[in-house]
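J.: What follows is a single structure, and I will ask about it in a moment.
The values are calculated or read from the model by the stated rules, or taken from the named source; none is laboratory data. Treat the numbers as computed from the prediction; the structure is a model and nothing was measured. Cβ atoms come from the backbone with ideal geometry, glycine included; neighbour counts cover every protein chain shown.
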Amino acid sequence: MSLLDDKFTILSEEPSQGFLHTYQVQTLEGLKGHLYWFEVHSPEARTAFHRYKNAIRRLENQGFLPQGVLVSANPGRYYVFWPEQPKAAPKPRRLKPILELLEPFGYQESDLEATEVSGRPLVGRLYPQLAPASTSSSRSEQNPQTPPLPIDPSTVRPQEPSPRIEMPHKPTPHAHPETKARAPQRLHLGSWPGWLPGLLMLALGSLALWQAANRYLNPPEYVLPDLVGKTPRQALEAVHAYGLKVEFAEGSDVSLPKDQILEQTPDPGTRVKPGRRLELVVNKPRLGSVPTVSGRSLEDARQALEAAGYRVATITRIASGDTADTVLASIPSEGQPLRPGEGVRLLVSTGTRPPVRETLLPDLTGLTEEEARYILTVAELQAQVVQVASGAPDGLVVGQEPGPGVVLPREAVVRVLVAAQP
């Protein structure tokens with residue numbers, strides 16, 4: 001069977017919808033559920049995934065998600081896993097807080113499967129949307145204008161003519177024979193300093209108004225630079241003059257430095273106008289810690305490490321009075337931080353108790369000096385480190401005296417040959 005992200009076994013696959021692939025999967029621990037896999041190779045796919053992811057984060061912050069929901073936003077691994085939930089149908093009024101949280105993201109009641117755990121409504125599964133929710137129609141379309149009501153002629157009263165008022169005739173005054181018509185005033189050019197500043201301010205205001213209207217109707221376009229690999233501060237300084245709405249999201253890539261931009265949407269080289277949304281994914285690597293495996297059986301320890309995202313690197317067996325295949329210690333020890341996917345070395349009991357005051361010398365070749373000292377201390381032996389010229393990496397054990405498998409008395413000295421550059 002095929003594996004997704006080395007964690008999920010594909011049980012069945014539904015028909016793909018563009019960049020969205022839907023699978024019914026089973027985890028390595030036997031947990032079944034649905035997995036939505038996004039092929040993020042276009043701005044539309046990035047927008048759909050991040051809108052879906054942000055809606056799930058909002059539900060998680062408010063406590064409306066069940067246990068086991070997994071969201072991955074790592075480069076090349078964009079998916080969400082929903083474990084199967086018991087069938088339950090909460091009352092519609094109890095779903096109101098959930099629907100209010102999802103409303104800004106365009107999700108409705110038909111986009112989710114609800115369930116109940118301990119009397120609390122939860123979202124058992126949220127179906128992704130391939131495109132943003134369509135905007136509602138204008139108010140005029142929803143409420144068309146009501147046609148005028150028909151007029152009943154019986155209710156209309158005829159309008160009575162208004163009485164005509166006769167104004168007394170006023171004789172027209174006669175012009176005095178000595179009165180002369182006043183000539184219109186002329187604007188003398190000698191008064192131009194008074195009206196020139198006003199004319200200049202009018203011209204400047206008209207120019208500013210024209211520039212503002214032109215900028216509003218024809219906003220400038222900018223070409224987005226490549227911001228991947230920069231810090232958030234450097235990215236903000238690079239697009240400060242563009243007037244964009246910059247939003248940040250978190251991603252995790254332990255192989256890259258912290259607070260480094262992993263992705264950007266839209267892609268570099270895209271022509272954008274002021275007001276466009278720019279989403280930047282900032283690296284926040286999440287380091288786990290080695291779980292407690294000492295005292296467990298080898299199989300239980302292996303499952304615990306795999307559940308925590310680690311693997312068993314090597315197994316060193318020594319004689320001990322503990323039950324066979326019981327883990328005595330781990331390298332690194334429990335609680336130590338470790339990158340996901342790294343290997344953990346286990347020190348395991350053979351189940352045979354050595355003779356009194358004697359112990360079986362394990363194989364130390366290939367370990368580091370620190371690891372060899374640790375194993376000899378557990379075996380109650382003393383280490384005598386001798387550096388020898390070798391082409392192996394510095395600090396790597398290339399030999400031991402006596403060899404592995406020799407029975408030695410407790411507190412005996414073992415020569416550990418450690419590589420050093422000639």
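J.: Please work out which one of (1) part of a helix (DSSP H, G or I); (2) in contact with a helix residue (DSSP H, G or I) (Cβ under 8 Å, 6 or more places away or on another chain) is the condition R94 fails and give its number.
T.: Every condition holds for R94 apart from (2).
J.: Next up: Search the stretch 383-419 for residues being in contact with an Asp or Glu (Cβ under 6 Å, 6 or more places away or on another chain) and at pLDDT below 90, and hand back the single one that is farthest from A319 (Cα to Cα).
T.: G395
J.: Do we have any residue at all in the stretch 340-354 that's charged (D, E, K, R) and over 30 Å from D5 (Cβ atoms)? Walk me through how you get there before you give the answer.
T.: Taking the stretch 340-354 first, the residues charged (D, E, K, R) are 342, 345, 353.
Retained after the next criterion (residues that are over 30 Å from D5 (Cβ atoms)): 353.
Yes.
J.: Right, next: Return the residue satisfying two criteria in turn: it lies in the stretch 226-259 and is modelled with pLDDT under 90 and of a type in the set (S, T, N, Q), and of such residues it is surrounded by the fewest Cβ atoms within 10 Å (Cβ to Cβ).
T.: Restricting to residues being modelled with pLDDT under 90 and of a type in the set (S, T, N, Q), the top hit is S255.
J.: Ok, one more. How many residues are assigned to a strand (DSSP E or B) and under 16 Å from E84 (Cβ atoms) if we restrict to the stretch 11-69?
T.: Step one: filter the stretch 11-69 for residues assigned to a strand (DSSP E or B), giving 11-13, 17, 20-27, 32-38.
Restricting the remaining residues to those that are under 16 Å from E84 (Cβ atoms) gives 11-12, 22-27, 32-36.
Adding up the residues that qualify gives 13.
J.: Pairs under 8 Å by beta carbon, first residue touching a residue at least 40 places away in the same chain (Cβ under 8 Å) and over 17 Å from Q85 (Cα atoms) in the stretch 95-117, partner assigned to a helix (DSSP H, G or I) and of a type in the set (K, R), six or more apart or different chains?
T.: Note: pairs meeting the criteria are L101/R58; L102/R58; F105/R51; F105/R58; G106/R51.
J.: Still on this structure: For L376, only one of the following conditions fails: (1) modelled with pLDDT of 80 or more; (2) not assigned by TED's automatic domain parsing to the domain that holds G391. What is its number?
T.: (2)
J.: Within the stretch 117-142, track down each residue that is farther than 24 Å from Y23 by Cα and modelled with pLDDT of 60 or more.
T.: Answer for the stretch 117-142, where residues must be farther than 24 Å from Y23 by Cα and modelled with pLDDT of 60 or more: V117, S118, G119, R120, P121.
Listed here are the residues, each with its yes/no results for (1) over 22 Å from V348 (Cα atoms); (2) surrounded by fewer than 17 Cβ atoms within 10 Å (Cβ to Cβ); (3) of a type in the set (D, E); (4) over 45 Å from the mean Cα position of the chain (by Cα).
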site: L381; (1), (2), (3), (4): no, no, no, yes
site: A392; (1), (2), (3), (4): yes, yes, no, no
site: E411; (1), (2), (3), (4): no, yes, yes, yes
site: V416; (1), (2), (3), (4): no, no, no, yes
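J.: Let me ask you something else. Tell me which residues, restricted to the stretch 311-335, are in contact with a strand residue (DSSP E or B) (Cβ under 7 Å, 6 or more places away or on another chain), within 18 Å of T368 (Cβ to Cβ) and in a loop (DSSP other than H, G, I, E, B).
T.: Correct list: P332 only.
J.: Still on this structure, please answer the following. Scan the stretch 289-327 residue by residue and report those that are within 28 Å of D259 (Cα to Cα) and touching a Pro at 6+ places or on another chain (Cβ under 6 Å).
T.: Residues satisfying the conditions are S289, V290, A308, G309.
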